[in-house]
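Report on one structure; see the data block that follows.
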Amino acid sequence: MRHLGYNNARVRQANKQLFLAHLWREKQLSKSQLAQMTGLSIPAVSNILQELVDEGRLCHSRETLSQRGLSNGSFHLPERGAWTLCMNVTPTSLTSQLADARLVAVGDWRHEVINAATPKDLLSAIARHWRVYQQRYPEITLNLALGVHGQVDPITGVSKTMPQAPWKTPVEIKYLLEEMLGVQVRLDNDCVMLALAEKWQNPAANEDFCVINVDYGIGSSFVINDSIWRGSLYGSGQIGHTIIHPDGVACDCGRYGCLETVASLSALKKQARVWMKTQPIPELDPETLTTDRLIEAWRQGDVRIQAWVEHAANAIGLSLYNFLNILNINQIWLYGRSCAFGESWLNTLRQQTGFNPFDHGDNPRAKATRIGFGTLSRAQQLMGIGYLYVESQLSEIDPERRGGEGSVRAFYSDNRASE
């Protein structure tokens, strides 16, 4: 059965995308495994694999992945090529993980505290951080992939707004760093980094899901039909700027009562500082209150902080409820330092999202909304941004299909005769 509108060449390109996507996820697969994953016949799989090997996109290995006696070896991504330094960037810190050509971690992740007063300071700090790795591996090309706090244009590589930064002007990070370092640079929002990490490294990730980062601010990123949803202004996922209290506190975005002003860590610390200045607490200094100290006070049972944290969780849950009704996404993973508030915080948040007006209990295929803490390691989170290069590579195979490998899933099983 042929899908109307797609000729044999287009179907073949789509299947090549699909094969590479499976290899990027699994790193190494046998011919029979790919046949099982795609529903294609062994001869069709053999032909597509040979094309990918001839193009230099895959390598064949004699290593067997089968428990049976007969095996034609396995296939893996090329081990030679540029490596990627994956980095999470804010004006106050750089956190990085080096990955090889197959996006496999090399060494441990590294955290550096910085104090970037200007865009030039930030770029210089990133360049210094990169040079540490380059000196360690001088024979390797180290491209950069940056998950940047705030609003980012991933096409031009411009950081448009960075809420924690003392500057308010856009910064052409991609262009300036490529000029400074002579390597490729790609960047996107730090929540997109987390969404890509889940998409490519979590086998449990569905085609539709959301990640939410509850930290200094509150950000989110949506994966819909297996593709990052960015929006035309690259501002999709700004859950932190949904309005909770129209007459509330002023937000950095210029409006009042945004979720960030109620439920982010910066909002909780501000609330605690104001209270401590009027009602001094001997063991807490409002001028030096840190996130770690705030969380520790919550753990020790400070009733005021516990009440504020519960109020914050309720506010996040209410915002999530509205998002769930609009997008009907039933898988949400939470990241950020607020996750240290634990199961009680999570359960309070869940209670606000427990009722779905569209679930009447009569659809056995319907999946209940699952909200939980993200389980990826910090290294895996950081390497998520490196998959910007992978998605670009997949789109180059078939430029007309800009949705990436997620848009080709329907093509393979009914086209055996045309392979």
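The table for this structure:
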{"quantity": "Positive-end extreme of charge dipole, the chain - chosen from ALA14, ILE329, TRP109 (charges on Cβ)", "calculated": "ALA14"}
{"quantity": "Computed [θ] at 222 nm, helices only, for the chain once each DSSP H run of length n ≥ 4 contributes -39500 (n - 2.57)", "calculated": "-12000 deg cm²/dmol"}
{"quantity": "Of GLN13, GLN135, GLN279, the one that fluctuates the most in a GNM where the chain has Cα springs shorter than 10 Å", "calculated": "GLN279"}
{"quantity": "Rounded tilt (10° steps) of 265-278 against the dominant C-alpha axis of the chain", "calculated": "10"}
{"quantity": "Sites GLU112 and SER61, calculated FRET efficiency, Cβ-Cβ separation with R0 51 Å, nearest 0.05", "calculated": "0.85"}
{"quantity": "Heavy-atom accessible area order for VAL223, VAL53, largest first, 1.4 Å probe", "calculated": "VAL53, VAL223"}
{"quantity": "Choice from TRP275, TRP298, TRP24 with maximal GNM fluctuation in the chain (Cα, 10 Å cutoff)", "calculated": "TRP275"}
{"quantity": "Long-range amide H partners of GLN331 with built H, under 5 Å", "calculated": "CYS210, ARG370"}
{"quantity": "Solvent exposure ordering (accessible area, 1.4 Å, most first) of LYS27, LYS160", "calculated": "LYS160, LYS27"}
{"quantity": "Relative contact order of the stretch 79-216, pairs being alpha-carbon contacts under 8 Å that are 6 or more residues apart, as %", "calculated": "21"}
{"quantity": "Nearest-20 debye value, the chain charge dipole, Cβ charges on Lys, Arg, Asp, Glu", "calculated": "360"}
{"quantity": "Nearest 10 degrees, 0 to 90: helix 119-136 Cα axis against the chain principal axis", "calculated": "50"}
{"quantity": "The stretch 257-318 - percent relative contact order, Cα under 8 Å, separation 6 or more", "calculated": "44"}
{"quantity": "Per residue Cα convex hull volume in Å³ - calculated over the chain", "calculated": "180"}
{"quantity": "Accessible surface of the stretch 191-234, 1.4 Å probe, proportion on carbon and sulfur as whole %", "calculated": "55"}
{"quantity": "For the chain, built as a Gaussian network whose Cα springs stay under 10 Å, the top-fluctuating residue of THR261, THR169, THR242", "calculated": "THR169"}
{"quantity": "Of ASN225, GLY257, ALA205, farthest towards positive along the dipole that unit charges on Lys, Arg, Asp, Glu beta carbons give the stretch 183-265", "calculated": "ASN225"}
{"quantity": "Net charge dipole size for the stretch 17-146 [Lys, Arg +1 and Asp, Glu -1 on Cβ; Debye, nearest 20]", "calculated": "120"}
{"quantity": "Cα-based helix-to-principal-axis angle, 42-54 vs the chain, degrees rounded to 10", "calculated": "70"}
{"quantity": "Fraction of accessible area attributable to carbon and sulfur, the stretch 62-144 (%, probe 1.4 Å)", "calculated": "47"}
{"quantity": "Check: the stretch 158-275 dipole with +1 on Lys, Arg Cβ and -1 on Asp, Glu Cβ, in debye", "calculated": "420"}
{"quantity": "Label zone at ASP252, where the point sits 7 Å out along the Cα-to-Cβ direction: the stretch 154-195 residues whose backbone N lies under 15 Å", "calculated": "159-171, 189-191"}
{"quantity": "Restraint check, LYS120/LYS168; LYS168/LYS270; LYS120/LYS174; LYS174/LYS199, Cα-Cα greater than 20 Å", "calculated": "LYS168/LYS270; LYS174/LYS199"}
{"quantity": "Linear extension gain, GLN28 paired with ARG370, 0.36 nm per residue minus alpha-carbon span", "calculated": "120.1 nm"}
{"quantity": "Accessible area per residue in Å² at 1.4 Å probe, computed on the chain", "calculated": "48"}
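The values are calculated or read from the model by the stated rules, or taken from the named source; none is laboratory data. Note that the structure is predicted; figures quoted are calculated from it, not measured. All Cβ positions, even for glycine, are placed from backbone atoms using ideal geometry, and neighbour counts span all protein chains on display. Just the protein is used for accessible areas: all its heavy atoms, side chains included, with ligands, DNA and RNA removed. Shrake-Rupley method; radii C 1.70, N 1.55, O 1.52, S 1.80 Å.
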